[in-house]
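First the structure, in the form of structure tokens, and then the observations on it.
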Amino acid sequence: DYDEILARLIERDRIDSTREVAPLRPAEDAIIVNSDQMDAEAVFQYVLTLTRDP
């Protein structure tokens, strides 16, 4: 069910981000795009502008 899947994903992400070897983390120079309030087209357009700006 949904709650079980969500719990497993959360646990997997916790394990992946805290492991000693190759933890799952953004690169130091990564650009984090918070798309919480954006639809797919808005995200695409935003990322497109990032590729155009040096």
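The values are calculated or read from the model by the stated rules, or taken from the named source; none is laboratory data. All values derive from a computational prediction rather than experimental measurement. Here Cβ is always computed from backbone atoms with ideal geometry, including for glycine, and neighbour counts include all displayed protein chains.
Given the conditions (1) loosely packed, with under 10 Cβ neighbours inside 10 Å; (2) of a type in the set (Gly, Ala, Ser); (3) under 16 Å from the mean Cα position of the chain (by Cα), and given that Ala22 satisfies all but one, which numbered condition is not satisfied? Tallying (1) loosely packed, with under 10 Cβ neighbours inside 10 Å; (2) of a type in the set (Gly, Ala, Ser); (3) under 16 Å from the mean Cα position of the chain (by Cα), Ala22 fails exactly one: (3). Of all residues in the stretch 22-45, those that are under 22 Å from Arg12 (Cα atoms) have Cβ atoms under 8 Å from Cβ atoms of residues that are assigned to a loop (DSSP other than H, G, I, E, B) and not hydrophobic (A, V, I, L, M, F, W, C), 6 or more apart or on another chain, in Ile32/Pro26. Restricting attention to the stretch 1-25, the residues that are among the basic types (Lys, Arg) and assigned to a loop (DSSP other than H, G, I, E, B) total 2. Given the criteria of a type in the set (Lys, Arg), more than 18 Å from the chain's Cα centre (by Cα) and modelled with pLDDT under 95, does Arg52 qualify? Yes: the conditions hold for Arg52. Within the stretch 25-41, the only residue that satisfies the criterion of being surrounded by 10 or more Cβ atoms within 10 Å (Cβ to Cβ) and of a type in the set (Val, Ile, Thr) is Val33.
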